[in-house]
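Undergrad: Pasting a structure here, questions to come.
The values are calculated or read from the model by the stated rules, or taken from the named source; none is laboratory data. Nothing here was measured: the structure is a model prediction, and the numbers come from that model. When we count neighbours, we look across all protein chains shown, and the Cβ atoms used for this are built from the backbone with ideal geometry, even at glycine.
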Amino acid sequence: MEVAWFPDDPRPARWHKPVLALGNFDGLHRGHLKIIERVRRGAVERAATALVLTFDPHPPRIVRPEKAPPLLMTLDQKLGALEKAGVQGVAIVRFTQELSQWDPERFVKGVLVDWLRVAEVWVGADFLFGRNRSGNFTMLRTLGAQHGFRAEKIDAVRYKDFVVSSTRIRRLVAEGRVDEAGALLGHHVTLAGVVVRGAGRGTALGVPTANVRTDNELWPPNGVYATTATVGSVVYPSVTNIGVRPTFQDLSTPAIEVHLLGVERDLYDQQIAVGFIQRLRDERRFADVDGLKAQLEADVRRVRRLFDRLSI
């Protein structure tokens, strides 16, 4: 998958008559995947290149930073997910204060027409663009007719009783409802990072943990979760604690500690992806280490029973 940045990079020569999905795509949820599926189909029909255009940083970081939400994915995670979804290329607009002042016509002409030379553009039902979000789908379609490209939209995707949106998913994650968030995403809420050295208390308690440093912005709230832990290409069942270790009172900010079930190996400095399946309980303080150890062992047993019913 080829990646190009606007305005830094020239349009890659292999991008032929692009069929484009346009949006932020935070989380790459079921609605996003429906757009990408349609783009891939259109690209096959036109013998063209299936592309995604997105923005970095997230536009609210520039235009209203005090209200900008924490994101569900890092840029690296988003690119990896887009590649897995079968996208052939990703165009990233380097979003700046200057670019935020472009009116819709200038954005379409400068990025979609002159840079990418798109043949077809697909957006979500609520897509807005240009200065003060003044451009909508009707304007995009009109501008497309003027400049020789087709513009289409995908209606909102529903999952059971809910409209799927990044905003709704962020709220579910912030409330610890990771199973519901995963259902709307179509995949697990995932924190990705590197294993770093911790205090070693998990090993002393018989439940060794991998301490994870991550660049992800949005974490589930403090508590204990049933998770998967992916190291390399191997997926392990795991138990993850997010919190400040109140029994020991030695942290002022939350840490992520992952116990991989049945795994005894050195994971330091390795990349790890932690997928959140279900919240088990709140983090709490125990009267002594024995009480904490008994609870950790109970958590492990509970997660083993859960994974006996699931396929990972």
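Undergrad: Go through region 37-122 and tell me which helices (runs of 4 or more DSSP H), entirely inside it, have 1 or more residues that are surrounded by fewer than 17 Cβ atoms within 10 Å (Cβ to Cβ) and either modelled with pLDDT under 95 or in contact with a Ser or Thr (Cβ under 8 Å, 6 or more places away or on another chain) (or both).
TA: 59-63
Undergrad: Inspect all residues belonging to region 135-142 and state whether any of them is of a type outside the set (Asp, Glu), without any contact (Cβ under 8 Å) to a residue 60 or more places away in the chain and assigned to a strand (DSSP E or B).
TA: Within region 135-142 (the criterion being of a type outside the set (Asp, Glu), without any contact (Cβ under 8 Å) to a residue 60 or more places away in the chain and assigned to a strand (DSSP E or B)), the answer is yes, since at least one residue qualifies.
Undergrad: Mind checking which pairs have a first residue in region 91-110 that is touching a residue at least 60 places away in the same chain (Cβ under 8 Å) and a second that is surrounded by fewer than 14 Cβ atoms within 10 Å (Cβ to Cβ) and not in a helix (DSSP H, G or I), Cβ under 6 Å, 6 or more apart or different chains?
TA: Every condition considered, the pairs that remain are Ile92/Trp5; Arg94/Trp5.
Undergrad: Related question: Restricting to region 155-185, name every residue that is in contact with a His (Cβ under 7 Å, 6 or more places away or on another chain) and either in the same structural domain as Leu71 (by TED's automatic domain parsing) or hydrophobic (A, V, I, L, M, F, W, C) (or both).
TA: Val164, Ile169, Leu184, Leu185, listed by residue number.
Undergrad: Among the residues of region 40-51, is there at least one that is within 29 Å of Arg170 (Cα to Cα) and under 15 Å from the mean Cα position of the chain (by Cα)?
TA: no
Undergrad: What are the pairs, 6+ residues apart or on separate chains, where a residue within region 274-290 that is outside the structural domain of Pro237 (by TED's automatic domain parsing) and over 22 Å from Ala210 (Cβ atoms) has its Cβ under 8 Å from a residue that is modelled with pLDDT of 95 or more and not in a loop (DSSP other than H, G, I, E, B)?
TA: none
Undergrad: Scan region 145-168 and tell me whether some residue there is assigned to a helix (DSSP H, G or I), closer than 29 Å to Thr74 by Cβ and not small (Gly, Ala, Ser).
TA: Yes: region 145-168 contains one or more residues that are assigned to a helix (DSSP H, G or I), closer than 29 Å to Thr74 by Cβ and not small (Gly, Ala, Ser).
Undergrad: Since Ser252 meets every condition but one in (1) modelled with pLDDT under 85; (2) surrounded by 12 or more Cβ atoms within 10 Å (Cβ to Cβ), which condition does it not meet?
TA: (2)
Undergrad: Answer with yes or no whether Val212 is at pLDDT 95 or above, assigned by TED's automatic domain parsing to the domain that holds Thr227, within 25 Å of Gln295 (Cβ to Cβ) and buried (at least 19 other Cβ atoms within 10 Å of the Cβ).
TA: yes
Undergrad: Checking Ile277 against (1) among the β-branched types (Val, Ile, Thr); (2) closer than 16 Å to Thr190 by Cα; (3) modelled with pLDDT under 90: exactly one of these is not met. Which one?
TA: (3)
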